Amino acid sequence: MILLTGATGSIGTHLVRQLQKRQAPFTALVRDAAKGRALGCPYVVGDFDDPESINAALATADQVLLNGAGAAPTADGGPQPMIAQQKSLIDAAVRIGVAKIVKISVWHAHRGGRLAEGAHWDIEQHLKSSGIDWSLLQPSGFMQNFITGAGTFDDGGRLIAPAPDAPVSYIDCYDIAACAAVLLTEDLGTGRTFVLTGPEALTMAEVAGHLSRAFDKPVGVVSLSRDGMALRLEALGLPSQFADDVAHLWAEVAAGSLAATTEEVVGLTGRKPRTFVEFLSANRAAYR
């Protein structure tokens, strides 16, 4: 039995459908019963911050897809809640006897990294030392951000870019889910880290061109410096340290940190990942 955490998110909703197609036995962990019912699959209500509910959810699981909320600012500047939450689940999985955990991490996770990069590295090390079989998926930037608008557009509908000509190998969450489904249902990938990217690296200017055609209206691009991004985030009410960390990562993207492409999606699924044009076509209803 697979326990699927993060089931209602951008990756989880795709993974639910793909596990159903594979007829794999699984249960989705959700915080809201109504959202569980909307998934149309077996679910259990629980919360990372409620150990008893996590123990109950793990009771029948032999594999876990570990995915949760990303890096978030804390009012007092303390550790990101995700670290303790995911470590606690790993510890519970060890006690209960779970055989394998597939973790959704982030590309460039490393010791001392800012925000998600550092948080996921910390969790990765805990998982690797737990004694449970593990696999790590480290995806590039999500194509879904261009539909949700998460940190992507300004108030005028223009794309925000650290540098309009800096390429990023965006990936569709559909492909991340497909890789996770393979690792959860087939006997491979144990003890390996997979860096997942799309098939091409696009500049923000190129993304804007694709969006302009998809939205049937011009989509502009505005470039913000590292300092400009930090000031923008602070103006939105975010803590200054969090704003500075985001701006630092922003500058790394401008320097090409997410430009490379890999063949990991092909290696796991046997097919090429979706291009950005294919992603837009598959999600036409969402942006219309």
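Remarks
- When VAL222, VAL195, VAL253, VAL246 are screened for being modelled with pLDDT of 90 or more and either in contact with a Leu (Cβ under 9 Å, 6 or more places away or on another chain) or not in a loop (DSSP other than H, G, I, E, B) (or both), only VAL195 passes.
- Meets criteria (farther than 17 Å from ILE147 by Cα, touching a strand residue (DSSP E or B) at 6+ places or on another chain (Cβ under 7 Å) and touching a residue at least 12 places away in the same chain (Cβ under 8 Å)) for GLY189: yes
- When region 127-168 is filtered for residues that are touching an Asp or Glu at 6+ places or on another chain (Cβ under 7 Å) and either hydroxyl-bearing (Ser, Thr, Tyr) or assigned to a strand (DSSP E or B) (or both), the ones remaining, listed by number, are LEU136, ILE160.
- Pairs are defined by a Cβ separation below 7 Å, a sequence spacing of at least 6 or placement on different chains, a first member in region 120-132 that is over 14 Å from HIS110 (Cβ atoms), and a second member that is assigned to a helix (DSSP H, G or I); the pairs so defined are HIS126/LYS87; HIS126/ILE90; LEU127/ILE90; SER130/ILE90; SER130/VAL94; GLY131/VAL94; ILE132/ALA93; ILE132/VAL94.
- Considering residues of region 256-274 that are on the phi < 0 side of the Ramachandran plot, at pLDDT 95 or above and assigned to a loop (DSSP other than H, G, I, E, B) only, the residue surrounded by the fewest Cβ atoms within 10 Å (Cβ to Cβ): ARG271
- Hits in region 275-288 - residues which are in contact with a Leu (Cβ under 7 Å, 6 or more places away or on another chain) and assigned to a loop (DSSP other than H, G, I, E, B): none
- Lone qualifier among LEU65, LEU19, LEU29 - being in contact with a helix residue (DSSP H, G or I) (Cβ under 8 Å, 6 or more places away or on another chain), closer than 30 Å to PHE146 by Cβ, part of a helix (DSSP H, G or I) and at pLDDT 95 or above: LEU19
The values are calculated or read from the model by the stated rules, or taken from the named source; none is laboratory data. None of the values given here were measured: they were computed from a predicted structure. Positions of Cβ are generated from backbone atoms using ideal geometry, with glycine treated the same way; all protein chains shown enter the neighbour counts.
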